[in-house]
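Working notes, beginning with the structure itself.
The values are calculated or read from the model by the stated rules, or taken from the named source; none is laboratory data. On a predicted model such as this, the values are computed, not experimentally measured, just so you know. Cβ placement follows ideal geometry from the backbone for every residue including glycine, while neighbour counts extend to all protein chains displayed. Please note that ligands, DNA and RNA were not included when accessible areas were found on the heavy atoms of the full protein model with its side chains. Shrake-Rupley method; radii C 1.70, N 1.55, O 1.52, S 1.80 Å.
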Amino acid sequence: MKKTEHSLALYFEPSLPEGHVRLLASAAKANLSLPDTGPLAEIAESLKDKNVYQAILILPGEHIHCSTITLPNRGALKALPFLLEEQLAEPVENVHIAHSHIKNGVIHTLAINKRCLDGYLEQLDAQGIKPAAAYADYQLLPIPTGSTLNQCQQGSRTLLRFSDGKGTVLQSDQLELIAARLPSSGEGSQNLYRDSAEPLSATALTADNQNALNLLQGVYRPENSSSQRQWQKIAISSLAASFLLMLAYFLTAGWHFHKEADSFQERAEDLFLKTIPTTSNTENIKRRMEGYLKNQTGTSSNNGFLTLLAQCAPALKKPHQIRHIRFDQQQGTLQLEVQSSSNETINKLRKELEQQSLTAEVLSSTANDTGVLARLSVSGQG
């Protein structure tokens, strides 16, 4: 951080209207002849082209939880959020935690809701102000010595700073309830102002001040914030470009497959009309073609079999006994396995079949105990 005379503290004091800030007393404020309070936009406008200062953000202490943690070893620093979990009123993933260097196994921490901190930083960023540090308002109070505390009355708010470096903000009614438990103000205690009309001073925030823990650490560190925003812009741009490319690909693929489907439909209709030239209805080609093929195969086979069997019926009488009938659909022939008394009766059967305008042929004839077992092939003439 730059020296105090170059630092300008912007305090979002709770008593001020929304969007207003208080400029805390500092050499930079005096040199720039700035008002004590005012809208952030107006103050930012008056600071344009004045690069001799460094902005410091001062936040209401109610938003910031201050604590001291004893670490069993240096490696436990990675588990710091979970060590603080029981002290926080919200999930640790929603909280930004800043911490001091480890000294004698002890570490000081500040915790603030990420959305809350982002809100304040966005207000400053909208006005082109990029703070170098951020503190809780109770950190402006010096750390007292011994068992005393430093306090500062600010309307209904009381800012407290304890000898271990921790601080807090209490409302007047809360303070009265626990006043008996607080250490009494001793000779070493200080009160930064006697009434609420006199503003807090930023002179305690020096370059080598180890007692004021800076909230802007990690991703909120100023150099990280700008680079992170740049990376965020690059990432968002890349994601948008990827999305547009994927969208273009799917649209192109959809158009291609739609054209292919239309081509297949045209070819199917053409084949259907060639197969069934007697129809011009091409609705639901698949169902119509299945029905056509079923009718063709079923009707022709059944009609051929029944026709031949009906023509054979007058000749198939005693003494002939039909053992087996088989119809060859591809050849259009009826094969009969007939038990008869002799070869003469089989030949007589053949002749009778031929008299029915059929073509009959004896394929085999085998003698058995009851006469002759013959196989005949019968088909229609022509």
(request) Please list 254-264, 98-108 highest first by mean number of surrounding beta-carbon atoms within 10 Å per residue. (result) 98-108, 254-264
(request) Please give the solvent-accessible surface of V92 in Å², to the nearest 10, using a probe radius of 1.4 Å with every protein chain present. (result) 20 Å²
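Determine the dipole magnitude for the range 60-169: charges of +1 sit on the beta-carbon of Lys and Arg, -1 on that of Asp and Glu, nothing else is charged, the reference point is the Cα centre, and the result goes in debye to the nearest 20.
Working: 9 positive and 10 negative charges, 77 e Å.
Taking the Cα centre of the range 60-169 as origin, the dipole is about 360 debye.
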(request) Using only protein heavy atoms and a 1.4 Å probe, report how much of E42 is accessible, in Å² to the nearest 10. (result) 120 Å²
(request) Could you work out how far the C-alpha centroid of the range 351-376 sits from that of the range 109-168, in angstrom? (result) 117 Å
